[in-house]
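Each remark here refers to the structure printed beneath this line.
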Amino acid sequence: MFGFFLPDLLLYNAGQKRQVNIRKALPDALDMLTVCVEAGLGFDAALAQVARNTKGPLAAEFARVLQEMQIGKSRTDSLRAMAERTTVTELRAFVSALVQAGELGIAMATVLREQSKELRIRRRQRAEDQAHKAPVKILFPVIFCIFPVMFIAILGPGAISIADALLK
């Protein structure tokens, strides 16, 4: 029975790790994309530069978007397909902002800069949330592992002295 559920569990865990890696890499990739676009590269060339110079699942997704565009798929469809493949909400928001900017004719550099700033704020908020949860997670090991040892070390000699005094 364990062997029946193990592949699904392993696949689920691999997917979760992939999503976490994408979420962690996205702000830095957006910064690089912003710098490339502001330096004068077109969006497609900037995306290729980011895909070439970064590693991980986000770089693979960007490379796949470029491949889809090379075989004739539109940029909008390729980006939306990337958003569908991943369940990272930040990436979906980024894709929708890019698609909307493309449809409305807004400068890509402005959109990229704002998205990058927003992602950095979200990453900081996530880190703060995890920092606030840390004391609660530490409480169980402290109460059940460290306190008993401390009580034995502190009260042990006194208990031995009392036992010796009572038994004499």
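The values are calculated or read from the model by the stated rules, or taken from the named source; none is laboratory data. Computed from a prediction, not measured in an experiment: that's the story for all the values here. With ideal geometry, Cβ positions are generated from the backbone for all residues, glycine too; neighbour counts draw on all protein chains shown.
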May I ask you to say which residue of V99, V149 is out of contact with any helix residue (DSSP H, G or I) (no Cβ under 7 Å at 6 or more places or on another chain) and either modelled with pLDDT of 90 or more or surrounded by fewer than 16 Cβ atoms within 10 Å (Cβ to Cβ) (or both)? V149
In the range 7-25, the residues that are more than 8 Å from the chain's Cα centre (by Cα) and closer than 16 Å to A83 by Cβ: G15, R18
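Here's the yes/no breakdown for (1) farther than 16 Å from L119 by Cβ; (2) without any contact (Cβ under 8 Å) to a residue 60 or more places away in the chain:
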position: L6; (1), (2): yes, yes
position: K17; (1), (2): yes, yes
position: G40; (1), (2): yes, yes
position: F43; (1), (2): yes, no
position: A48; (1), (2): yes, yes
position: A51; (1), (2): yes, yes
position: R64; (1), (2): yes, yes
position: E68; (1), (2): yes, yes
position: E90; (1), (2): no, no
Out of the residues in the range 53-101 meeting the condition of being polar (S, T, N, Q) and part of a helix (DSSP H, G or I), tell me which one is farthest from the chain's Cα centre (by Cα). Q70
Of the numbered conditions (1) in a helix (DSSP H, G or I); (2) more than 20 Å from the chain's Cα centre (by Cα), I106 satisfies every one except a single condition; which is it? (1)
Can you confirm whether the range 111-134 contains a residue that is touching a Phe, Trp or Tyr at 6+ places or on another chain (Cβ under 8 Å), surrounded by 10 or more Cβ atoms within 10 Å (Cβ to Cβ) and closer than 27 Å to E90 by Cα? yes
Any residue at all in the range 116-130 that's assigned to a helix (DSSP H, G or I), more than 24 Å from the chain's Cα centre (by Cα) and charged (D, E, K, R)? no
Of the numbered conditions (1) touching a residue at least 40 places away in the same chain (Cβ under 8 Å); (2) touching a Lys or Arg at 6+ places or on another chain (Cβ under 6 Å), A83 fails exactly one; give the number of that condition. (1)
Any hit, the range 70-79, residues being exposed (fewer than 10 other Cβ atoms within 10 Å of the Cβ) and farther than 21 Å from A25 by Cβ: yes
Breaking point among (1) modelled with pLDDT under 90; (2) farther than 24 Å from N13 by Cα; (3) not basic (K, R), for C36: (1)
